[in-house]
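Every read-out reported here was derived from the displayed coordinates using simple, explicitly stated rules and does not represent laboratory data. Bear in mind the structure is a predicted one, so any value in this text is a computation, not a measurement. Using ideal geometry, Cβ is built from the backbone for each residue, glycine included, and neighbour counts are taken over all protein chains shown.
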Amino acid sequence: MTELFEFGMKILKSQPFSVLIGTELEVFEPGMATLSIPIQDKLKQQHGFVHGGVVSYLADNALTYAGGSVLGDSVTSEYKINYLRPALGEKLIARASVVSSGKTQAVCQCKVFAVANGEERVVALAQGTIRKVNAQK
């Protein structure tokens, strides 16, 4: 396990909401991150789809992980998400990568997939700006 991945695991374990819904860090390398969550009934809305807020959370966190992999301690400055289809299945996977980065911010993209019967389908696309946290407050 790399030092970066270990750092990413420490951050994830310090996020109470991430722990609550069972978020897992699968990949955390310079310029990319993959997060996943098991789909549980408590994460669904009234039509049986994963709630859009859960899909959005996963995209947001993956974007920030990707940006943070090149910037260090970071937060989301802004992001946009497009929902493409209902999220159904056993697991959600968010794969994010850095498109461009500088000293204080990175622009990242993310695809969120729902896994059903071993098949991945894209359910959302997101793009965001990730900002390095200034150590001097």
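Partners of Lys91 within straight-line reach, counting lysines whose Cα lies under 18 Å from its Cα and excluding those fewer than 8 residues away in the same chain: Lys42, Lys44, Lys111. Using 0.36 nm per residue and subtracting the Cα-Cα separation, the extra length available between Glu90 and His51 on full extension is 12.7 nm. Our helix-only sum for the chain, with -39,500 (n - 2.57) per DSSP H run of n ≥ 4 divided by its residues, gives a mean residue ellipticity at 222 nm of -8500 deg cm²/dmol. Roughly how many debye, to the nearest 20, is the charge dipole of region 70-137 about its Cα centre, given +1 on each Lys and Arg Cβ, -1 on each Asp and Glu Cβ, and no other charges? So the dipole magnitude of region 70-137 works out to roughly 240 debye. Can you give the FRET efficiency to the nearest 0.05 for Lys103 and Glu24, using r as the Cβ-Cβ distance and R₀ = 30 Å? With a Förster radius of 30 Å, E is 0.50.
So if R0 is 22 Å, what FRET efficiency would Glu120 and Tyr83 give, r being the distance between their Cβ atoms, rounded to the nearest 0.05? The value I calculate is 0.85. Summing Cβ point charges (Lys, Arg +1; Asp, Glu -1) relative to the Cα centre of the chain gives a dipole of roughly 400 debye.
Using +1 at the C-beta of Lys and Arg and -1 at the C-beta of Asp and Glu, which of Ser69, Gln109, Leu92 has the Cα lying farthest in the positive direction of the dipole of region 38-131? Of Ser69, Gln109, Leu92, it is Gln109. Computed from backbone phi, the HN-Hα couplings of region 67-83 come to x, x, 5, 10, 9, x, 3, 9, 9, 7, 8, 6, 7, 10, 10, 10, 8 Hz, rounded to whole numbers (Karplus: 6.51 cos²θ - 1.76 cosθ + 1.60, θ = phi - 60°; Gly and Pro given as x).
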